[in-house]
1. Taking the stated definitions as given, is Thr66 among the polar types (S, T, N, Q) and within 21 Å of Ala122 (Cα to Cα)?
2. If you scan region 29-57, which residues turn out to be farther than 14 Å from Pro145 by Cβ, part of a loop (DSSP other than H, G, I, E, B), in contact with a Phe, Trp or Tyr (Cβ under 9 Å, 6 or more places away or on another chain) and in contact (Cβ under 8 Å) with a residue 40 or more places away in the chain?
3. Looking at Ala17, Ala27, Ala71 in this structure, which one is among the hydrophobic types (A, V, I, L, M, F, W, C) and touching a strand residue (DSSP E or B) at 6+ places or on another chain (Cβ under 9 Å)?
4. Would you tally the residues in region 89-98 being open to solvent by 60 Å² or more (accessible area, probe 1.4 Å) and either in contact (Cβ under 8 Å) with a residue 24 or more places away in the chain or touching a helix residue (DSSP H, G or I) at 6+ places or on another chain (Cβ under 8 Å) (or both)?
5. Looking only at region 1-28, count every residue that is of a type outside the set (Asp, Glu) and assigned to a loop (DSSP other than H, G, I, E, B) and tell me the total.
6. Does Thr73 qualify as being within 14 Å of Val40 (Cβ to Cβ), of a type in the set (S, T, N, Q) and part of a loop (DSSP other than H, G, I, E, B)?
7. When only residues in region 36-88 that are closer than 12 Å to Ile143 by Cα and of a type in the set (Val, Ile, Thr) count, which is most open to solvent (accessible area, probe 1.4 Å)?
8. From the list Val153, Val107, Val60, pick out the single residue that is modelled with pLDDT of 95 or more, in contact with a Lys or Arg (Cβ under 6 Å, 6 or more places away or on another chain) and in a strand (DSSP E or B).
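The values are calculated or read from the model by the stated rules, or taken from the named source; none is laboratory data. Not measured: the values here are computed from a predicted model. Note that each Cβ is placed from the backbone with ideal geometry, even for glycine, and that neighbours are counted across all protein chains shown. Accessible surface is based on the protein model in full, side chains and every heavy atom, while ligands, DNA and RNA are left aside. Shrake-Rupley method; radii C 1.70, N 1.55, O 1.52, S 1.80 Å.
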Amino acid sequence: MKFESENELTADGLPGAAVWRKLIEAAIGRKRLRSGYSYVYVHREVPQTMTLWHDGRTIVRSPANTGISGAETEAGTFPVFEHLPETTMSGTNPDGSHYEDPGIKWVSYFNGGDALHNFDRASFGTPQSLGCVELPLDTSAKIYPYTPIGTLVTIES
């Protein structure tokens, strides 16, 4: 997906004819990705944390919030598929009520409606979100350039 995104192809992770053509062109031309490789790991046990690595180096480790009971953050490894500097997030709470939160910054969607993003909270490190990985503003701003489309995010206990 990262290769597709950087080569202005549909970033769907499916290696169709256009992708193979670009891959072969890149290999013949000895071209490499413009940016390095990033990986995000989220630990769901309290205290919950998020660690970002880039090209084998730890860039940032921070407290993070994952999903509350009834809206747990799913375990697994997922690619970032949408990358937005700011958006409005909306959905349904576990009690059936609806929410709409404008001005959410530094958003990297990785699993359906789940994303890495800023959220203003009094504390971090415990389940407080509706499935997303909430981060302090300074942390989310720092990791945003490292989480383009295709970046892998692993959620584990």
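1. So Thr66 passes the test.
2. Listed by number, the residues that qualify are Pro47, Gln48.
3. So the residue among Ala17, Ala27, Ala71 that is among the hydrophobic types (A, V, I, L, M, F, W, C) and touching a strand residue (DSSP E or B) at 6+ places or on another chain (Cβ under 9 Å) is Ala71.
4. Residues that pass the stated criteria total 1.
5. 9
6. Yes.
7. Out of the qualifying residues, it is Thr58.
8. Only one candidate qualifies: Val60.
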